[in-house]
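Written below as structure tokens is the structure these notes are about.
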Amino acid sequence: MEHGRDCDRRPSNRRRNDERIDTPLPPLPISAITGIVGGENVLTAPEERCCYGYDASKLKAMPDCVVFPGNTREIAALLELANRTRLPVFPRGAGTGMVGAAIPHGGGMVLSLARLNRILEIDPDNMIAVVEPNVVTGEFQKTVLQQGLFYPPDPASLQFSTLGGNVAMCAGGPRAVKYGVTRDYVLGLEVVLPTGSIIKTGTRTMKGVVGYDLTRLMVGSEGTLGIFTQIIFRLVPAPESARTLMAVFPRLNDAARAVCEIIKRKVVPSTLELMDQSTIQVVENYMHLGLPLTAEALLIIEVDGREKTLDDDVAKVENVCRDCGATEIEVAHTSEDRERIWQARRSISPALGQIRPDKINEDITVPRTQIPALIRSIRGLADKYGLIIVNFGHAGDGNIHTNIMLNRKDPDELRRAEAAIEELFRTVLDLGGTLSGEHGVGITKSPFFLWEVGQAGFDAMWKIKQALDPLNILNPGKMFTPNRAFFRA
């Protein structure tokens, strides 16, 4: 993917970052590494290393070694060694990221956090928890729920993604419309900085305004500013119950109007999901659920909270949907009804696999009121470039997952898809949106990073990176360094 003409300028420090990736690596200090973590916690065989060279982006690169430290001190020692030997370090959780943020591009040490997998503390009275980074998100949610507590962020990968990775990428999910995203629940961190220093950020309290907010700086930093070894989360009371609805709209504009109107009526759903006509047709052809093929949009809406208020909320949502033009509304009255409604949403990914062998999945986000304009533009791109483009996602917060279906082995189709993405990103920014609502920048969006943040913003962020990581040791090649060769990997 090429930069647009107006985005060809390079920040003053970009070349140095590029050179760090392309410079041949020094000899691997394997004896020093094993001296820190033990030989049983180091992988060097090619067949073992290759398992840690890819993530959900489907990009891949071979690390020179994979290391499994067991505590904060070992991580600090590894980073000190890496600085002395100029060895790049790539932190890794479960490898579920969508933008290549865990890819060891250029080689170096993959630092796996797999051994740091404990829930250290749950404090029901203060509604906080302290965890290590490799706790699986879904397991953490189940554990705190047993004490009547709720950790809302729910990325699609929650059954296998880890909390450290969620914090590093500031993961979102369907419940963000009501509950927010990962950064809204992180109170504090224990962090090993790129040079090996150990700091603690934030507090165990809801309030705390001493010094710069380093916690917020670290959340979403994609493993470029530090490695988290402990995370303090705030929790909320678990909702008593939930109700689920599905509404069918002949017109997309009416569905988008309903999304805004529901929230204006003082009902904030816990999830508010949209499937456009292309998505409806793909899922129906795959699952035969009886979905209306002529409908332009389908909304799946869930409200949660106190049992005695939910009936009123459901009635308000039904009325809004009817007023906005919904022709069919189904309210789930049993767990089986709810499961049937959500089956349509969960079937999207496997259904897409029936169309083309590959896809480019973007997580663009626009203001809710701009969803119709966005999807109209995407339809135009599909026609212009002869592509199948499917849209679905979190309409409540404007986060639409745009999937361009293609065969990456077809050079012409890949070229057309890349051109469509460039136009799509320009449209998103023109609509007041962002290029990523959940997935982050990593490698795949780095060519467009400057488009959104601007030269001054880019330079400010790079100066922060330099201040904390002067040798560019930690997760180099992410955010700041576009590497176009990866897009055809």
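The values are calculated or read from the model by the stated rules, or taken from the named source; none is laboratory data. In this text the structure is predicted, and so the values were computed from the model without any measurement. A quick note on method: Cβ atoms are made from the backbone with ideal geometry, for glycine too, and the neighbour counts reach across all protein chains shown. Keep in mind that these areas ignore ligands, DNA and RNA; they rest on the heavy atoms of the full protein, side chains included. Shrake-Rupley method; radii C 1.70, N 1.55, O 1.52, S 1.80 Å.
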Top-ranked residue in region 249-274 [being closer than 24 Å to R306 by Cβ and basic (K, R); ranked as surrounded by the most Cβ atoms within 10 Å (Cβ to Cβ)]: R265
Hits in region 227-241 (condition: in a loop (DSSP other than H, G, I, E, B) and within 12 Å of V167 (Cβ to Cβ)): none
Residue match in region 112-124 (condition: touching a residue at least 60 places away in the same chain (Cβ under 8 Å) and under 21 Å from A61 (Cα atoms)): yes
Among residues of region 276-291, those that are in contact (Cβ under 8 Å) with a residue 12 or more places away in the chain, open to solvent by less than 30 Å² (accessible area, probe 1.4 Å) and assigned to a helix (DSSP H, G or I), counted: 4
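Which of the residues belonging to region 317-338 are within 21 Å of N253 (Cβ to Cβ) and in a helix (DSSP H, G or I)?
Going through region 317-338, the residues within 21 Å of N253 (Cβ to Cβ) turn out to be 317-329.
Selection gives V317, E318, N319, V320, C321, R322, D323.
Being touching a residue at least 60 places away in the same chain (Cβ under 8 Å) and either open to solvent by 40 Å² or more (accessible area, probe 1.4 Å) or part of a loop (DSSP other than H, G, I, E, B) (or both) is the filter here, so list the residues in region 292-310 that pass it. First the steps, then the outcome.
Of all residues in region 292-310, those touching a residue at least 60 places away in the same chain (Cβ under 8 Å) come to 299, 302-307, 310.
R306, E307 - these are the residues of region 292-310 that are touching a residue at least 60 places away in the same chain (Cβ under 8 Å) and either open to solvent by 40 Å² or more (accessible area, probe 1.4 Å) or part of a loop (DSSP other than H, G, I, E, B) (or both).
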Qualifying residue in region 437-447 (condition: out of contact with any Gly (no Cβ under 6 Å at 6 or more places or on another chain), open to solvent by 50 Å² or more (accessible area, probe 1.4 Å), farther than 19 Å from V219 by Cα and not β-branched (V, I, T)): no
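Take the residues of region 165-192 that are part of a loop (DSSP other than H, G, I, E, B), in contact (Cβ under 8 Å) with a residue 60 or more places away in the chain and out of contact with any Cys (no Cβ under 9 Å at 6 or more places or on another chain): which is most open to solvent (accessible area, probe 1.4 Å)? Don't jump to the end; show me each part of the working.
Of region 165-192, the ones part of a loop (DSSP other than H, G, I, E, B) are 170-175, 180-181.
So of that shortlist, the ones also in contact (Cβ under 8 Å) with a residue 60 or more places away in the chain come out as 170-175, 181.
Narrowing further to those that are out of contact with any Cys (no Cβ under 9 Å at 6 or more places or on another chain): 170-175.
Values: C170: 18, A171: 11, G172: 5, G173: 2, P174: 26, R175: 52 Å².
Across region 165-192, the extreme among qualifying residues is R175.
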Residues that are buried (at least 17 other Cβ atoms within 10 Å of the Cβ) and either touching a Pro at 6+ places or on another chain (Cβ under 7 Å) or of a type in the set (K, R) (or both), drawn from region 334-367: R338, R345, R356, K359
Members of region 359-406 that are part of a strand (DSSP E or B), in contact (Cβ under 8 Å) with a residue 60 or more places away in the chain and over 21 Å from the mean Cα position of the chain (by Cα): I388
Residues located in region 422-436, provided they are assigned to a helix (DSSP H, G or I), open to solvent by 10 Å² or more (accessible area, probe 1.4 Å) and in contact (Cβ under 8 Å) with a residue 60 or more places away in the chain: E422, R426
Matching residues, region 143-164, being open to solvent by 30 Å² or more (accessible area, probe 1.4 Å) and outside any loop (DSSP other than H, G, I, E, B): T143, L145
Selection count, region 193-226, where residues are crowded, with 22+ Cβ neighbours inside 10 Å and part of a helix (DSSP H, G or I): 1
Candidate set: region 407-421, residues that are acidic (D, E) and either part of a helix (DSSP H, G or I) or open to solvent by less than 20 Å² (accessible area, probe 1.4 Å) (or both); chosen: the one nearest to I360 (Cα to Cα): E418
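One line per residue, one yes/no per condition, for (1) touching a strand residue (DSSP E or B) at 6+ places or on another chain (Cβ under 9 Å); (2) modelled with pLDDT of 95 or more:
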{"residue": "L289", "(1), (2)": "no, no"}
{"residue": "A297", "(1), (2)": "yes, yes"}
{"residue": "D312", "(1), (2)": "no, yes"}
{"residue": "C321", "(1), (2)": "yes, yes"}
{"residue": "E336", "(1), (2)": "no, no"}
Residue count for region 376-406, restricted to those that are within 14 Å of R356 (Cβ to Cβ) and open to solvent by less than 10 Å² (accessible area, probe 1.4 Å): 5
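Restricting attention to region 330-349, which residues are over 19 Å from G393 (Cα atoms) and in contact (Cβ under 8 Å) with a residue 12 or more places away in the chain? Steps first, please.
Step one: list which residues in region 330-349 are over 19 Å from G393 (Cα atoms), which gives 330-337.
Passing the criteria: E330, V331, A332, D337.
For region 266-299, which residues satisfy the criterion of being within 23 Å of the chain's Cα centre (by Cα) and either of a type in the set (F, W, Y) or closer than 17 Å to I329 by Cβ (or both)?
Taking region 266-299 first, the residues within 23 Å of the chain's Cα centre (by Cα) are 268-276, 279, 299.
Correct list: P269, T271, L272, E273, L274, M275, L299.
Taking region 242-256, which residues are modelled with pLDDT of 95 or more and either hydrophobic (A, V, I, L, M, F, W, C) or assigned to a helix (DSSP H, G or I) (or both)?
Start the filter on region 242-256 by keeping residues that are modelled with pLDDT of 95 or more, which leaves 242-251, 254-255.
Answer for region 242-256, where residues must be modelled with pLDDT of 95 or more and either hydrophobic (A, V, I, L, M, F, W, C) or assigned to a helix (DSSP H, G or I) (or both): A242, L245, M246, A247, V248, F249, D254, A255.
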